[in-house]
1. Restricting to the stretch 19-57, and then to whatever is among the basic types (Lys, Arg) and surrounded by fewer than 10 Cβ atoms within 10 Å (Cβ to Cβ), can you tell me which residue is modelled with the highest pLDDT?
2. I'd like to check something: does the stretch 1-18 contain any residue that is at pLDDT 80 or above and among the small types (Gly, Ala, Ser)?
Amino acid sequence: MERWVVDDEPSVKYPIYTRGNVGEVFPAVVTPLTWSALGHQAELGWRDAYADFGAIRPEDYG
């Protein structure tokens, strides 16, 4: 798999990634600056939401 300079280390536990839904979640193109500024907070919010409705256990996040 070709890696981009901004890629993070691949997850051993969750090896499949997709951008299939990003167009529905973000109304415009998500730039590297947008992700750098807001990505961590957005991820924490999604983690809480998934844990709250039982889709993923908090301990699964590692």
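The values are calculated or read from the model by the stated rules, or taken from the named source; none is laboratory data. Here the structure is a predicted model, which is why all the values come from computation and not from measurement. Counting neighbours? That spans all protein chains shown, and the Cβs are built from the backbone with ideal geometry, glycine included.
1. Once the filter is applied, the top-ranked residue is Arg57.
2. Checking the stretch 1-18: not a single residue is at pLDDT 80 or above and among the small types (Gly, Ala, Ser).
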